[in-house]
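The values are calculated or read from the model by the stated rules, or taken from the named source; none is laboratory data. Fair warning: this is a prediction, and the values are worked out from it, not measured in the lab. Cβ sites come from the backbone with ideal geometry, for glycine too, and all protein chains shown count toward neighbours.
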(Lines give C-alpha, C1' and ligand atoms only; values in the text may rest on other atoms or scores of the structure.)
Protein backbone atom coordinates (compact mmCIF):
# COMPACT_ATOMS: atom_id res chain seq x y z
CA UNK A 1 0.00 0.00 0.00
CA UNK A 2 1.45 3.37 -1.05
CA UNK A 3 2.16 5.66 1.87
CA UNK A 4 2.70 9.43 1.47
CA UNK A 5 3.00 12.21 3.96
CA UNK A 6 -0.35 13.44 2.59
CA UNK A 7 -2.89 11.92 0.18
CA UNK A 8 -1.52 11.31 -3.30
CA UNK A 9 -2.67 9.45 -6.41
CA UNK A 10 -0.93 6.61 -8.22
CA UNK A 11 -0.44 8.72 -11.34
CA UNK A 12 1.74 11.19 -9.43
CA UNK A 13 3.57 8.28 -7.79
CA UNK A 14 4.28 6.52 -11.12
CA UNK A 15 5.48 9.76 -12.72
CA UNK A 16 7.82 10.30 -9.79
CA UNK A 17 9.16 6.75 -9.72
CA UNK A 18 9.71 6.65 -13.50
CA UNK A 19 11.57 9.95 -13.47
CA UNK A 20 13.77 9.04 -10.57
CA UNK A 21 14.64 5.60 -12.02
CA UNK A 22 15.46 6.74 -15.52
CA UNK A 23 17.36 9.97 -14.85
CA UNK A 24 20.95 8.78 -14.76
CA UNK A 25 20.22 6.52 -11.79
CA UNK A 26 19.46 9.08 -9.11
CA UNK A 27 21.23 12.18 -10.41
CA UNK A 28 20.22 15.40 -8.68
CA UNK A 29 18.01 16.76 -11.51
CA UNK A 30 15.67 13.84 -10.95
CA UNK A 31 14.71 15.19 -7.57
CA UNK A 32 14.44 18.74 -8.77
CA UNK A 33 11.89 17.67 -11.34
CA UNK A 34 10.02 15.05 -9.27
CA UNK A 35 7.21 15.26 -6.75
CA UNK A 36 8.74 13.65 -3.69
CA UNK A 37 6.35 12.59 -0.88
CA UNK A 38 5.96 15.34 1.65
CA UNK A 39 8.13 13.68 4.31
CA UNK A 40 11.19 15.59 5.56
CA UNK A 41 13.18 12.44 6.30
CA UNK A 42 12.67 11.02 2.80
CA UNK A 43 13.55 14.35 1.23
CA UNK A 44 16.71 14.48 3.33
CA UNK A 45 17.60 10.89 2.30
CA UNK A 46 17.06 11.75 -1.39
CA UNK A 47 19.28 14.84 -1.01
CA UNK A 48 22.08 12.87 0.72
CA UNK A 49 22.03 10.20 -2.00
CA UNK A 50 22.05 12.79 -4.78
CA UNK A 51 24.93 14.68 -3.13
CA UNK A 52 26.85 11.39 -2.70
CA UNK A 53 27.08 11.74 1.07
CA UNK A 54 27.16 7.96 1.17
CA UNK A 55 27.81 7.19 4.84
CA UNK A 56 25.25 9.72 6.07
CA UNK A 57 22.67 8.45 3.57
CA UNK A 58 23.26 4.86 4.63
CA UNK A 59 22.93 5.71 8.32
CA UNK A 60 19.69 7.62 7.74
CA UNK A 61 18.20 4.84 5.57
CA UNK A 62 18.98 2.34 8.33
CA UNK A 63 17.13 4.49 10.85
CA UNK A 64 14.11 4.80 8.54
CA UNK A 65 13.96 1.10 7.61
CA UNK A 66 11.40 0.08 10.24
CA UNK A 67 8.96 2.83 9.19
CA UNK A 68 9.41 2.84 5.42
CA UNK A 69 10.84 -0.58 4.51
CA UNK A 70 8.77 -2.26 1.79
CA UNK A 71 7.81 0.98 0.01
CA UNK A 72 9.47 0.98 -3.45
CA UNK A 73 10.58 4.63 -3.48
CA UNK A 74 12.23 4.30 -0.05
CA UNK A 75 13.75 0.89 -0.85
CA UNK A 76 15.35 2.30 -3.99
CA UNK A 77 16.88 5.16 -2.02
CA UNK A 78 18.01 2.76 0.71
CA UNK A 79 19.49 0.38 -1.85
CA UNK A 80 21.37 3.18 -3.57
CA UNK A 81 22.70 4.43 -0.22
CA UNK A 82 23.84 0.92 0.77
CA UNK A 83 25.42 0.32 -2.66
CA UNK A 84 27.37 3.58 -2.60
CA UNK A 85 28.53 2.95 0.99
CA UNK A 86 29.81 -0.53 0.09
CA UNK A 87 27.12 -2.55 1.90
CA UNK A 88 26.30 -4.61 -1.17
CA UNK A 89 24.33 -7.42 0.48
CA UNK A 90 21.94 -4.90 2.01
CA UNK A 91 21.68 -3.26 -1.40
CA UNK A 92 20.65 -6.64 -2.84
CA UNK A 93 17.83 -6.94 -0.31
CA UNK A 94 16.62 -3.38 -0.97
CA UNK A 95 16.55 -3.68 -4.77
CA UNK A 96 14.87 -7.08 -4.57
CA UNK A 97 12.10 -5.48 -2.50
CA UNK A 98 11.69 -2.80 -5.18
CA UNK A 99 11.42 -5.40 -7.95
CA UNK A 100 8.82 -7.41 -6.02
CA UNK A 101 6.51 -4.39 -6.11
CA UNK A 102 7.72 -2.82 -9.38
CA UNK A 103 9.19 -5.64 -11.53
CA UNK A 104 9.53 -3.36 -14.59
CA UNK A 105 11.68 -0.72 -12.90
CA UNK A 106 14.82 -0.68 -15.02
CA UNK A 107 17.13 1.21 -12.68
CA UNK A 108 16.40 -1.14 -9.79
CA UNK A 109 17.08 -4.13 -12.03
CA UNK A 110 20.41 -2.68 -13.18
CA UNK A 111 21.55 -1.94 -9.66
CA UNK A 112 20.29 -5.30 -8.39
CA UNK A 113 22.43 -6.99 -11.06
CA UNK A 114 25.45 -4.90 -10.08
CA UNK A 115 24.84 -5.74 -6.40
CA UNK A 116 24.64 -9.47 -7.12
CA UNK A 117 28.01 -9.17 -8.84
CA UNK A 118 29.54 -7.32 -5.89
CA UNK A 119 28.53 -10.09 -3.44
CA UNK A 120 29.88 -12.79 -5.82
CA UNK A 121 26.42 -14.20 -6.54
CA UNK A 122 27.49 -14.78 -10.13
CA UNK A 123 24.54 -17.00 -10.98
CA UNK A 124 21.93 -14.33 -10.23
CA UNK A 125 24.15 -11.57 -11.63
CA UNK A 126 24.58 -13.41 -14.93
CA UNK A 127 20.83 -13.89 -15.33
CA UNK A 128 20.07 -10.21 -14.72
CA UNK A 129 23.02 -8.83 -16.67
CA UNK A 130 22.19 -10.99 -19.69
CA UNK A 131 18.65 -9.58 -19.73
CA UNK A 132 20.09 -6.06 -19.73
CA UNK A 133 22.02 -6.67 -22.94
CA UNK A 134 18.73 -6.32 -24.82
CA UNK A 135 17.74 -3.09 -23.05
CA UNK A 136 18.69 0.45 -24.02
CA UNK A 137 21.03 1.73 -21.31
CA UNK A 138 23.32 4.71 -20.85
CA UNK A 139 26.75 4.01 -22.39
CA UNK A 140 28.54 3.83 -19.03
CA UNK A 141 26.11 1.28 -17.63
CA UNK A 142 26.20 -0.84 -20.81
CA UNK A 143 30.01 -0.93 -20.57
CA UNK A 144 29.71 -2.06 -16.96
CA UNK A 145 27.25 -4.80 -17.91
CA UNK A 146 29.60 -6.13 -20.60
CA UNK A 147 32.60 -5.92 -18.23
CA UNK A 148 30.83 -7.83 -15.45
CA UNK A 149 29.62 -10.55 -17.82
CA UNK A 150 33.18 -11.02 -19.10
CA UNK A 151 34.47 -11.37 -15.53
CA UNK A 152 31.71 -13.87 -14.69
CA UNK A 153 32.58 -15.95 -17.77
CA UNK A 154 36.22 -15.99 -16.70
CA UNK A 155 35.25 -17.04 -13.16
CA UNK A 156 33.01 -19.80 -14.49
CA UNK A 157 35.84 -21.12 -16.65
CA UNK A 158 38.15 -21.13 -13.64
CA UNK A 159 35.51 -22.90 -11.58
CA UNK A 160 35.22 -25.70 -14.12
CA UNK A 161 38.96 -26.13 -14.61
CA UNK A 162 41.56 -25.82 -11.86
CA UNK A 163 45.21 -26.75 -11.49
CA UNK A 164 47.55 -26.47 -8.52
CA UNK A 165 51.29 -26.92 -8.21
CA UNK A 166 52.94 -26.90 -4.81
CA UNK A 167 56.19 -27.88 -3.10
CA UNK A 168 56.58 -28.84 0.57
CA UNK A 169 59.86 -29.03 2.47
CA UNK A 170 59.74 -30.79 5.83
CA UNK A 171 62.12 -31.42 8.71
CA UNK A 172 61.36 -34.20 11.21
CA UNK A 173 62.89 -35.58 14.36
CA UNK A 174 61.82 -39.25 14.62
CA UNK A 175 62.49 -41.17 17.83
CA UNK A 176 62.17 -44.56 16.10
CA UNK A 177 62.77 -44.04 12.42
CA UNK A 178 63.04 -47.78 11.62
CA UNK A 179 60.04 -48.90 13.78
CA UNK A 180 62.56 -50.94 15.77
CA UNK A 181 61.80 -52.86 18.94
CA UNK A 182 62.72 -51.98 22.49
CA UNK A 183 63.52 -55.65 23.18
CA UNK A 184 67.16 -56.72 23.37
CA UNK A 185 66.51 -60.45 23.02
CA UNK A 186 63.83 -62.98 22.16
CA UNK A 187 63.27 -66.74 22.51
CA UNK A 188 62.28 -69.28 19.90
CA UNK A 189 60.24 -72.38 20.74
CA UNK A 190 62.52 -75.29 21.64
CA UNK A 191 65.54 -73.08 22.33
CA UNK A 192 66.60 -72.39 25.88
CA UNK A 193 69.10 -69.71 24.94
CA UNK A 194 67.97 -66.17 24.03
CA UNK A 195 68.75 -64.68 20.66
CA UNK A 196 70.15 -61.17 20.95
CA UNK A 197 69.08 -58.49 18.48
CA UNK A 198 71.63 -56.35 16.68
CA UNK A 199 71.42 -52.55 16.58
CA UNK A 200 69.76 -52.54 13.14
CA UNK A 201 66.69 -54.30 14.60
CA UNK A 202 66.36 -52.03 17.62
CA UNK A 203 64.88 -48.57 17.62
CA UNK A 204 67.02 -45.77 16.20
CA UNK A 205 66.32 -42.03 16.24
CA UNK A 206 67.22 -39.79 13.33
CA UNK A 207 66.67 -36.43 11.66
CA UNK A 208 64.67 -36.71 8.44
CA UNK A 209 64.30 -34.29 5.53
CA UNK A 210 61.61 -34.71 2.91
CA UNK A 211 60.60 -32.81 -0.20
CA UNK A 212 57.19 -33.27 -1.80
CA UNK A 213 56.13 -31.84 -5.15
CA UNK A 214 52.44 -32.10 -5.93
CA UNK A 215 50.44 -31.25 -9.04
CA UNK A 216 46.66 -31.58 -9.20
CA UNK A 217 44.30 -30.89 -12.10
CA UNK A 218 40.52 -31.08 -12.13
CA UNK A 219 37.86 -30.26 -14.69
CA UNK A 220 34.09 -30.30 -14.58
CA UNK A 221 32.41 -31.96 -17.53
CA UNK A 222 29.01 -30.72 -16.37
CA UNK A 223 27.84 -29.01 -13.20
CA UNK A 224 27.40 -32.47 -11.65
CA UNK A 225 30.31 -34.46 -13.05
CA UNK A 226 34.03 -34.10 -13.63
CA UNK A 227 37.42 -35.75 -13.56
CA UNK A 228 40.84 -35.14 -12.02
CA UNK A 229 44.37 -36.41 -12.08
CA UNK A 230 47.44 -35.79 -9.97
CA UNK A 231 51.18 -36.34 -9.79
CA UNK A 232 53.02 -36.48 -6.48
CA UNK A 233 56.76 -36.98 -5.98
CA UNK A 234 58.13 -37.51 -2.47
CA UNK A 235 61.83 -37.81 -1.64
CA UNK A 236 62.91 -38.72 1.91
CA UNK A 237 66.47 -38.52 3.22
CA UNK A 238 67.92 -39.55 6.61
CA UNK A 239 70.88 -38.06 8.39
CA UNK A 240 72.14 -41.34 9.91
CA UNK A 241 70.05 -44.30 8.70
CA UNK A 242 70.70 -43.74 5.01
CA UNK A 243 69.57 -47.24 4.00
CA UNK A 244 66.00 -46.01 4.60
CA UNK A 245 66.30 -43.17 2.04
CA UNK A 246 63.43 -43.51 -0.42
CA UNK A 247 61.64 -41.86 -3.31
CA UNK A 248 57.98 -42.37 -4.15
CA UNK A 249 55.98 -41.41 -7.22
CA UNK A 250 52.18 -41.41 -7.10
CA UNK A 251 50.07 -41.08 -10.25
CA UNK A 252 46.32 -40.83 -9.66
CA UNK A 253 43.14 -40.19 -11.62
CA UNK A 254 39.48 -40.01 -10.70
CA UNK A 255 35.96 -39.33 -11.91
CA UNK A 256 32.92 -38.09 -9.97
CA UNK A 257 29.21 -37.88 -10.70
CA UNK A 258 26.43 -36.41 -8.57
CA UNK A 259 22.90 -37.81 -8.42
CA UNK A 260 20.53 -35.69 -6.32
CA UNK A 261 22.00 -35.92 -2.79
CA UNK A 262 24.54 -38.64 -3.71
CA UNK A 263 28.07 -38.20 -5.04
CA UNK A 264 29.94 -41.14 -6.60
CA UNK A 265 33.76 -41.13 -6.84
CA UNK A 266 35.85 -43.62 -8.82
CA UNK A 267 39.65 -43.37 -8.60
CA UNK A 268 42.82 -45.29 -9.32
CA UNK A 269 46.53 -44.90 -8.72
CA UNK A 270 49.95 -46.26 -9.68
CA UNK A 271 52.75 -45.95 -7.12
CA UNK A 272 56.37 -47.08 -7.64
CA UNK A 273 58.84 -46.65 -4.77
CA UNK A 274 62.63 -46.66 -4.70
CA UNK A 275 64.49 -47.65 -1.54
CA UNK A 276 68.16 -46.79 -1.28
CA UNK A 277 68.24 -45.94 -5.03
CA UNK A 278 66.75 -49.27 -6.17
CA UNK A 279 63.18 -50.06 -7.24
CA UNK A 280 61.72 -51.69 -4.16
CA UNK A 281 57.98 -51.89 -4.66
CA UNK A 282 55.17 -51.08 -7.07
CA UNK A 283 51.59 -50.70 -5.86
CA UNK A 284 48.51 -49.95 -7.93
CA UNK A 285 44.83 -50.05 -7.20
CA UNK A 286 41.35 -48.61 -7.57
CA UNK A 287 38.52 -47.55 -5.29
CA UNK A 288 34.90 -46.46 -5.46
CA UNK A 289 32.91 -44.60 -2.84
CA UNK A 290 29.56 -42.89 -2.47
CA UNK A 291 28.73 -39.90 -0.28
CA UNK A 292 25.22 -39.04 0.87
CA UNK A 293 24.08 -35.78 2.45
CA UNK A 294 21.98 -36.94 5.39
CA UNK A 295 21.19 -33.39 6.51
CA UNK A 296 22.64 -29.90 6.26
CA UNK A 297 25.52 -30.92 8.54
CA UNK A 298 25.87 -34.71 8.33
CA UNK A 299 27.34 -36.79 5.51
CA UNK A 300 27.83 -40.54 5.13
CA UNK A 301 30.50 -42.15 2.95
CA UNK A 302 30.74 -45.84 2.02
CA UNK A 303 33.62 -47.14 -0.07
CA UNK A 304 35.55 -50.20 -1.19
CA UNK A 305 39.02 -50.56 -2.69
CA UNK A 306 41.55 -52.96 -4.11
CA UNK A 307 45.37 -52.70 -4.22
CA UNK A 308 48.00 -55.01 -5.64
CA UNK A 309 51.50 -54.84 -4.16
CA UNK A 310 54.44 -56.14 -6.17
CA UNK A 311 57.54 -56.22 -3.97
CA UNK A 312 60.62 -56.30 -6.18
CA UNK A 313 62.98 -57.22 -3.33
CA UNK A 314 61.14 -60.33 -2.12
CA UNK A 315 58.09 -62.20 -3.38
CA UNK A 316 57.05 -63.00 0.18
CA UNK A 317 55.74 -59.41 0.50
CA UNK A 318 53.53 -59.55 -2.63
CA UNK A 319 49.93 -58.83 -1.63
CA UNK A 320 46.35 -58.47 -2.80
CA UNK A 321 44.73 -55.91 -0.49
CA UNK A 322 40.97 -55.51 -0.14
CA UNK A 323 39.41 -52.73 1.92
CA UNK A 324 36.05 -51.28 2.90
CA UNK A 325 35.21 -48.20 4.93
CA UNK A 326 32.31 -46.19 6.28
CA UNK A 327 32.65 -42.61 7.47
CA UNK A 328 30.30 -40.14 9.12
CA UNK A 329 31.24 -36.47 8.77
CA UNK A 330 29.78 -33.59 10.78
CA UNK A 331 30.16 -30.16 9.13
CA UNK A 332 29.65 -27.36 11.63
CA UNK A 333 31.86 -24.60 12.99
CA UNK A 334 34.33 -27.46 13.37
CA UNK A 335 34.54 -30.74 11.43
CA UNK A 336 34.31 -34.21 13.00
CA UNK A 337 34.91 -37.43 11.07
CA UNK A 338 34.28 -40.93 12.43
CA UNK A 339 35.49 -43.83 10.30
CA UNK A 340 35.34 -47.62 10.53
CA UNK A 341 37.58 -49.51 8.12
CA UNK A 342 38.21 -53.17 7.36
CA UNK A 343 41.22 -54.46 5.46
CA UNK A 344 42.16 -57.92 4.25
CA UNK A 345 45.73 -58.41 2.98
CA UNK A 346 46.19 -61.69 1.16
CA UNK A 347 49.74 -62.96 0.56
CA UNK A 348 50.19 -64.28 -2.96
CA UNK A 349 52.59 -67.09 -2.01
CA UNK A 350 51.34 -70.01 0.03
CA UNK A 351 54.67 -70.09 1.90
CA UNK A 352 54.22 -66.50 3.09
CA UNK A 353 50.60 -66.68 4.30
CA UNK A 354 51.78 -65.50 7.71
CA UNK A 355 52.37 -62.05 6.15
CA UNK A 356 48.70 -61.79 5.25
CA UNK A 357 46.53 -60.08 7.83
CA UNK A 358 43.05 -58.89 8.73
CA UNK A 359 42.79 -55.31 10.02
CA UNK A 360 39.94 -53.50 11.75
CA UNK A 361 40.47 -49.76 12.12
CA UNK A 362 38.73 -46.95 13.96
CA UNK A 363 39.64 -43.35 13.05
CA UNK A 364 38.58 -40.01 14.48
CA UNK A 365 39.50 -36.66 12.92
CA UNK A 366 38.80 -33.21 14.37
CA UNK A 367 39.34 -30.04 12.34
CA UNK A 368 38.97 -26.60 13.92
CA UNK A 369 39.40 -23.38 11.90
CA UNK A 370 40.66 -21.04 14.63
CA UNK A 371 40.73 -18.06 12.28
CA UNK A 372 41.19 -17.35 8.59
CA UNK A 373 44.92 -18.04 9.01
CA UNK A 374 45.11 -20.70 11.73
CA UNK A 375 43.73 -24.25 11.61
CA UNK A 376 44.08 -26.95 14.26
CA UNK A 377 43.49 -30.64 13.57
CA UNK A 378 43.67 -33.82 15.61
CA UNK A 379 43.76 -37.43 14.41
CA UNK A 380 43.68 -40.71 16.27
CA UNK A 381 43.80 -44.17 14.65
CA UNK A 382 43.27 -47.51 16.39
CA UNK A 383 43.95 -50.82 14.63
CA UNK A 384 43.36 -54.42 15.66
CA UNK A 385 45.47 -56.77 13.53
CA UNK A 386 45.45 -60.55 13.23
CA UNK A 387 47.71 -62.38 10.77
CA UNK A 388 46.52 -65.26 8.62
CA UNK A 389 48.90 -68.01 9.69
CA UNK A 390 51.54 -68.98 12.25
CA UNK A 391 54.88 -67.24 12.12
CA UNK A 392 57.44 -69.71 10.78
CA UNK A 393 59.84 -69.47 13.74
CA UNK A 394 57.54 -68.53 16.60
CA UNK A 395 54.78 -71.11 15.89
CA UNK A 396 52.01 -68.69 16.88
CA UNK A 397 49.63 -66.49 14.92
CA UNK A 398 50.81 -62.91 15.25
CA UNK A 399 48.29 -60.56 16.87
CA UNK A 400 48.79 -56.84 17.33
CA UNK A 401 47.12 -53.63 18.43
CA UNK A 402 48.29 -50.15 17.51
CA UNK A 403 47.28 -46.63 18.48
CA UNK A 404 48.46 -43.46 16.76
CA UNK A 405 47.60 -39.89 17.66
CA UNK A 406 48.65 -36.73 15.85
CA UNK A 407 48.18 -33.01 16.44
CA UNK A 408 48.68 -30.55 13.57
CA UNK A 409 48.70 -26.76 13.46
CA UNK A 410 48.60 -24.89 10.12
CA UNK A 411 49.35 -21.21 9.59
CA UNK A 412 48.34 -19.81 6.19
CA UNK A 413 49.31 -16.11 5.93
CA UNK A 414 48.25 -15.80 2.28
CA UNK A 415 47.26 -17.83 -0.77
CA UNK A 416 50.87 -18.79 -1.52
CA UNK A 417 52.40 -20.02 1.74
CA UNK A 418 51.41 -22.50 4.47
CA UNK A 419 53.49 -23.39 7.51
CA UNK A 420 52.74 -26.51 9.57
CA UNK A 421 53.78 -28.09 12.83
CA UNK A 422 52.90 -31.75 13.45
CA UNK A 423 53.43 -33.89 16.55
CA UNK A 424 52.60 -37.60 16.57
CA UNK A 425 52.92 -40.62 18.83
CA UNK A 426 52.45 -44.31 18.00
CA UNK A 427 52.33 -47.36 20.25
CA UNK A 428 52.17 -50.95 19.02
CA UNK A 429 51.74 -54.09 21.11
CA UNK A 430 52.15 -57.69 19.90
CA UNK A 431 52.13 -61.24 21.22
CA UNK A 432 55.62 -61.51 19.66
CA UNK A 433 57.81 -59.04 21.49
CA UNK A 434 60.17 -58.14 18.64
CA UNK A 435 57.23 -56.49 16.84
CA UNK A 436 56.41 -54.16 19.71
CA UNK A 437 57.53 -50.55 19.60
CA UNK A 438 56.60 -46.97 20.34
CA UNK A 439 57.45 -43.95 18.26
CA UNK A 440 57.18 -40.16 18.49
CA UNK A 441 57.93 -37.53 15.90
CA UNK A 442 57.93 -33.74 15.54
CA UNK A 443 57.74 -32.29 12.04
CA UNK A 444 57.88 -28.74 10.76
CA UNK A 445 57.15 -27.96 7.12
CA UNK A 446 56.62 -25.11 4.69
CA UNK A 447 54.45 -25.34 1.57
CA UNK A 448 54.53 -22.93 -1.34
CA UNK A 449 51.95 -22.80 -4.13
CA UNK A 450 52.97 -21.78 -7.61
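Filtering 275, 249 for residues that are free of Cβ contacts under 8 Å to residues at least 60 places away in the same chain, closer than 20 Å to residue 169 by Cα, in the same structural domain as residue 390 (by TED's automatic domain parsing) and out of contact with any helix residue (DSSP H, G or I) (no Cβ under 8 Å at 6 or more places or on another chain) leaves a single hit, 249.
The conditions of being assigned by TED's automatic domain parsing to the domain that holds residue 272, farther than 28 Å from residue 272 by Cα and part of a loop (DSSP other than H, G, I, E, B) are met by residue 371. Summed over the range 32-46, the residues that are touching a helix residue (DSSP H, G or I) at 6+ places or on another chain (Cβ under 7 Å) and at pLDDT 65 or above give a count of 5.
Reported count of residues in the range 98-130, each being surrounded by fewer than 16 Cβ atoms within 10 Å (Cβ to Cβ), farther than 19 Å from residue 82 by Cα and over 34 Å from the mean Cα position of the chain (by Cα), is 3. Counting only residues that are under 14 Å from residue 164 (Cα atoms), touching a residue at least 40 places away in the same chain (Cβ under 8 Å) and surrounded by 14 or more Cβ atoms within 10 Å (Cβ to Cβ), the range 212-242 holds 7 of them. Would you check if there is a residue in the range 367-386 being touching a residue at least 12 places away in the same chain (Cβ under 8 Å), within 24 Å of residue 259 (Cβ to Cβ), exposed (fewer than 15 other Cβ atoms within 10 Å of the Cβ) and within 18 Å of the chain's Cα centre (by Cα)? No: zero hits.
Just so you know, in the range 131-140 the residues that are surrounded by fewer than 18 Cβ atoms within 10 Å (Cβ to Cβ) and in a helix (DSSP H, G or I) include one that is nearest to the chain's Cα centre (by Cα), and it is 131. Filtering the range 407-436 to residues that are crowded, with 16+ Cβ neighbours inside 10 Å and under 15 Å from residue 377 (Cα atoms) leaves 408, 410, 412, 418, 420, 422, 424. Would you check if there is a residue in the range 154-168 being part of a helix (DSSP H, G or I) and touching a strand residue (DSSP E or B) at 6+ places or on another chain (Cβ under 6 Å)? Yes, there is a match, as at least one residue in the range 154-168 is part of a helix (DSSP H, G or I) and touching a strand residue (DSSP E or B) at 6+ places or on another chain (Cβ under 6 Å). Put simply, of 433, 408, 422 the only residue that is more than 25 Å from residue 287 (Cα to Cα), over 19 Å from the mean Cα position of the chain (by Cα), modelled with pLDDT of 95 or more and in the same structural domain as residue 169 (by TED's automatic domain parsing) is 422.
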